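Written out below as structure tokens is the structure these notes cover.
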Amino acid sequence: SEVEYPKVNEYLSLVKQSDMAFKKLINYFKQVEEPTIICMFGDHQPTIEPEFVAELLGSKNVSSLSVEQEQKRHVTPFYIWANYDIIEESNVETSPNFLGNKVLEAAGIPLSDFRNFLAELEENYPVISSIRVEDAFGNSYETKDVADALNEYAILQYHYLLDSK
């Protein structure tokens, strides 16, 4: 780009530092005998110039992004690594609420009742976010349009996270 984006430059410099630190972490645990699994993912989108985001996604500005462009804007890659053999997958589209299950399954740890519920939910809706839900057939919906189907999940999630035990 011909435009200067200082926040993007800072972000990319920090991504490089994070990548180097992650490599160091992985190299350390390659030498450890205790079975270890590491899951790395971004928990939010970076605070960078919106003009850069629009330019990157081929739009005039972020307020005029198409549904597809908005979906691309909110994708957060993740990586699950182990110092022993686990099933490898790539190009998996999921949601942070399902990452815990993926790590537990990779570790061979049995799922709790709540986690089993999440596994069943993921079969029907492999992607759930604040802006969209994708069903098992690849159809995309605004989250509000499938709220009834997700009501039981909302109740169980509230109970799991906030209800006193």
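The values are calculated or read from the model by the stated rules, or taken from the named source; none is laboratory data. Owing to the predicted nature of the structure, the values given are computational and were not obtained by experimental measurement. Because the Cβ atoms are built from the backbone with ideal geometry, glycine has one as well, and the counts that use them run over all protein chains shown. SASA here: full protein model, heavy atoms, side chains in, ligands and nucleic acids out. Shrake-Rupley method; radii C 1.70, N 1.55, O 1.52, S 1.80 Å.
In this structure, is N61 open to solvent by less than 100 Å² (accessible area, probe 1.4 Å), at pLDDT 90 or above, farther than 29 Å from Q157 by Cβ and polar (S, T, N, Q)?
Values: open to solvent by less than 100 Å² (accessible area, probe 1.4 Å): yes; at pLDDT 90 or above: no; farther than 29 Å from Q157 by Cβ: yes; polar (S, T, N, Q): yes.
In short, no.
Conditions (1) more than 30 Å from Q31 (Cβ to Cβ); (2) at pLDDT 90 or above; (3) more than 19 Å from the chain's Cα centre (by Cα), marked per residue:
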| position | (1), (2), (3) |
| --- | --- |
| Y84 | no, yes, yes |
| L121 | yes, yes, no |
| N124 | yes, yes, no |
| D135 | yes, yes, no |
| E152 | yes, yes, yes |
| H159 | yes, no, yes |
| L162 | yes, no, yes |
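State which residue is nearest to D43 (Cα to Cα) when the search covers only the range 88-110 and only residues that are open to solvent by 90 Å² or more (accessible area, probe 1.4 Å) and at pLDDT 90 or above.
E105
Could you please let me know if Q71 is open to solvent by less than 60 Å² (accessible area, probe 1.4 Å), closer than 26 Å to S140 by Cα, of a type outside the set (G, A, S) and at pLDDT below 85?
So Q71 fits the description; yes.
So, in the range 119-165, exactly how many residues are basic (K, R) and more than 18 Å from E68 (Cα to Cα)?
Residues in the range 119-165 being basic (K, R) and more than 18 Å from E68 (Cα to Cα): 1 in total.
Select from the range 26-47 the residues that are of a type in the set (S, T, N, Q) and either in a helix (DSSP H, G or I) or open to solvent by 90 Å² or more (accessible area, probe 1.4 Å) (or both) and list them in ascending order.
N27, Q31, T47
Determine if the range 138-147 includes at least one residue that is out of contact with any His (no Cβ under 6 Å at 6 or more places or on another chain), of a type in the set (F, W, Y), at pLDDT below 95 and open to solvent by 40 Å² or more (accessible area, probe 1.4 Å).
Scanning the range 138-147 turns up at least one residue that is out of contact with any His (no Cβ under 6 Å at 6 or more places or on another chain), of a type in the set (F, W, Y), at pLDDT below 95 and open to solvent by 40 Å² or more (accessible area, probe 1.4 Å).
When residues of the range 11-49 are filtered for being closer than 24 Å to G100 by Cα, of a type in the set (G, A, S) and out of contact with any Ser or Thr (no Cβ under 9 Å at 6 or more places or on another chain), how many remain?
2
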